[in-house]
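See structure below.
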Amino acid sequence: MRVIFWHIKIETIKKLLEEIRDCSVCKPFLPLGANPIISASYQSKIVLASQAPGKIAHEKSIAWDDPSGKRLREWLDVDKKAFYNPDNFAVLPLGFCFPGKSKTGDLPPRPECAPLWHKKVTDQFVNDPLYILIGNHSQRYYLKDNLSLTERIKNFEIYLPNYFVLPHPSPVNHFWMNKNKWFETDVIPILQNEIKKRLK
Ligand code: SF4
């Protein structure tokens with residue numbers, strides 16, 4: 001009976017990911033076309049919910065394989081092998097496709113995406129995963145509050161054990177990092193401890 005249950009779980013999430021990878025709902029708004037970037041397993045222990053893939057991720061069809069990903073792995077204290085194992089980490093941005101650029105940086109994730117797909121994916125998880133909410137877009141979507149990113153991160157402990165809030169690890173965020181040095185000294189060690197507990 002148990003074997004049948006796990007077989008159904010594996011097939012269900014496989015079909016769902018195939019359906020998402022074929023999605024072109026907001027193609028007319030995507031300057032480089034649809035290329036949904038997502039990875040997940042029904043066993044994922046940690047969910048990385050960020051904003052949307054950037055141009056590099058779109059071109060490589062792989063998330064977090066850039067300086068932001070390098071810093072994120074340092075914060076999490078994991079190597080690439082552990083990071084790209086979907087049984088450990090699901091990659092679930094708020095928008096799965098690169099949304100294009102504005103004059104000031106990447107556009108926000110397409111608003112169609114998370115309401116259409118997120119719950120279908122998160123309903124498949126069996127391990128009650130930790131959601132790491134990276135940046136304002138995913139924090140607003142999941143926490144539904146009006147706080148600033150800095151206020152949330154200063155109060156990160158109130159969101160545990162379900163959520164861990166982080167700034168985006170992009171090098172362009174260096175101004176925020178320099179202004180809030182407590183983040184790397186006080187918050188990151190607690191994050192690393194949470195990750196160790198989840199991955200053991
Ligand atoms: S961003 Fe999401 S909803 Fe839009 S085409 Fe890509 S997968 Fe589909």
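Quick note: the coordinates plus some simple rules give every number you see, no bench work behind them. These figures come from a predicted structure and were not determined experimentally. When we count neighbours, we look across all protein chains shown, and the Cβ atoms used for this are built from the backbone with ideal geometry, even at glycine.
Odds and ends about this structure:
- Condition met for Tyr131 (assigned to a strand (DSSP E or B), among the aromatic types (Phe, Trp, Tyr), closer than 20 Å to Leu160 by Cα and in contact with a strand residue (DSSP E or B) (Cβ under 9 Å, 6 or more places away or on another chain)): yes
- Filter pass, Thr122 being polar (S, T, N, Q), more than 16 Å from the ligand (Cβ to nearest atom) and out of contact with any Leu (no Cβ under 7 Å at 6 or more places or on another chain): no
- Long-range neighbours under 7 Å by Cβ, at least six apart or interchain, first residue closer than 19 Å to Leu32 by Cβ within the stretch 99-123, second part of a strand (DSSP E or B) and near the ligand (Cβ under 7 Å from one of its atoms): none
- Leading residue by the ranking (surrounded by the most Cβ atoms within 10 Å (Cβ to Cβ)) among those in the stretch 40-57 that are touching a helix residue (DSSP H, G or I) at 6+ places or on another chain (Cβ under 8 Å) and polar (S, T, N, Q): Ser50
Each row is one residue, and each column tells you yes or no for (1) free of Cβ contacts under 8 Å to residues at least 12 places away in the same chain; (2) exposed (fewer than 15 other Cβ atoms within 10 Å of the Cβ).
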{"site": "Asn146", "(1), (2)": "yes, yes"}
{"site": "Ile158", "(1), (2)": "yes, yes"}
{"site": "Asn162", "(1), (2)": "no, yes"}
{"site": "Val165", "(1), (2)": "no, no"}
{"site": "Pro171", "(1), (2)": "no, yes"}
{"site": "Trp176", "(1), (2)": "no, no"}
{"site": "Lys181", "(1), (2)": "yes, yes"}
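- Applying the condition of being of a type outside the set (Gly, Ala, Ser) and closer than 30 Å to Arg2 by Cα to the stretch 87-115 and asking which residue is surrounded by the fewest Cβ atoms within 10 Å (Cβ to Cβ) yields Asp87.
- Residue within the stretch 73-82 that is without any contact (Cβ under 8 Å) to a residue 12 or more places away in the chain, away from the ligand (no atom under 16 Å from the Cβ), under 24 Å from Cys23 (Cβ atoms) and over 13 Å from the mean Cα position of the chain (by Cα) present: no
- Qualifying residues in the stretch 58-86 (those that are assigned to a loop (DSSP other than H, G, I, E, B) and aliphatic (A, V, I, L, M)) - the one surrounded by the fewest Cβ atoms within 10 Å (Cβ to Cβ): Ile62
- Filter result (part of a helix (DSSP H, G or I), touching a residue at least 24 places away in the same chain (Cβ under 8 Å) and away from the ligand (no atom under 14 Å from the Cβ)) within the stretch 24-57: Lys55
- Just so you know, in the stretch 1-23 the residues that are surrounded by 12 or more Cβ atoms within 10 Å (Cβ to Cβ) and either in a loop (DSSP other than H, G, I, E, B) or more than 20 Å from the chain's Cα centre (by Cα) (or both) include one that is nearest to the ligand (Cβ to nearest atom), and it is Cys23.
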